[in-house]
Amino acid sequence: MFISPRMEMRSTSEAPIRFGDLNNDGILDGCDDYIYDDIIWRKTTKPSECQISIADLDGDHIITSTDQILFENYISGFYVKGDLNNDNRLSTFDIILVRKHILLIPDAGFLKPYQILFADMNNNGKLSTFDILLMRNKILQK
């Protein structure tokens, strides 16, 4: 378990989302999961400060098996795309959370890294109003 002196990482339309990309290749895949194994279980890899910030998906400033499970769920597709409040459905409440995050509304708190990954509806590595539009369209299709 590693404790992160994490800076607040935010996603804007200009900054790509890198949470979980531990080998910095731009792809979230099994290679990154292997690095999670090294850090958490085998303890053969001492992560850099950057890797600690990127690997902390639940935002608790510690790299644990919870972070790895969130990552594995993401790359395996075992989640509802756009579901940010863990109710297993996409709703207008999820859209409100993304809007408040993008608009920097302080009372809402910031989205956790895994929520930013789940909210990136077009998988372009950026969280933007276009993702909100895609969330709305998906809700209206139901």
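The values are calculated or read from the model by the stated rules, or taken from the named source; none is laboratory data. In this text, all values refer to a predicted model and were calculated from it rather than measured experimentally. As a convention, Cβ positions derive from the backbone with ideal geometry for all residues, glycine included, and neighbour counts pool all protein chains shown. Protein only, heavy atoms only, side chains kept; ligands, DNA and RNA dropped before computing areas. Shrake-Rupley method; radii C 1.70, N 1.55, O 1.52, S 1.80 Å.
Of note:
- This model, with +1 at the C-beta of Lys and Arg and -1 at the C-beta of Asp and Glu, gives the chain a dipole about its Cα centre of some 480 debye.
- Interchain or long-range residues, amide H under 5 Å from Gly20's placed H: Ala55
- Percent carbon-and-sulfur accessible area, the chain, ignoring ligands, DNA and RNA, probe 1.4 Å: 58 percent
- Amide hydrogen neighbours beyond the local backbone of Ile62, cut-off 5 Å, H modeled: Ser4
- Cα centroid of region 15-44 to Cα centroid of region 107-142, whole Å: 22 Å
- Helix-only CD estimate at 222 nm, as mean residue ellipticity for the chain, using -39500 (n - 2.57) per DSSP H run (n ≥ 4): -12000 deg cm²/dmol
- Nitroxide proxy distance, nm - points 7 Å out along Cα→Cβ at Leu103 and Asn85: 1.6 nm
- Think of the chain as a dipole: +1 on every Lys or Arg Cβ, -1 on every Asp or Glu Cβ, centred on the Cα centre; then among Asn123, Ile52, Phe71, Asn123 lies furthest on the positive end.
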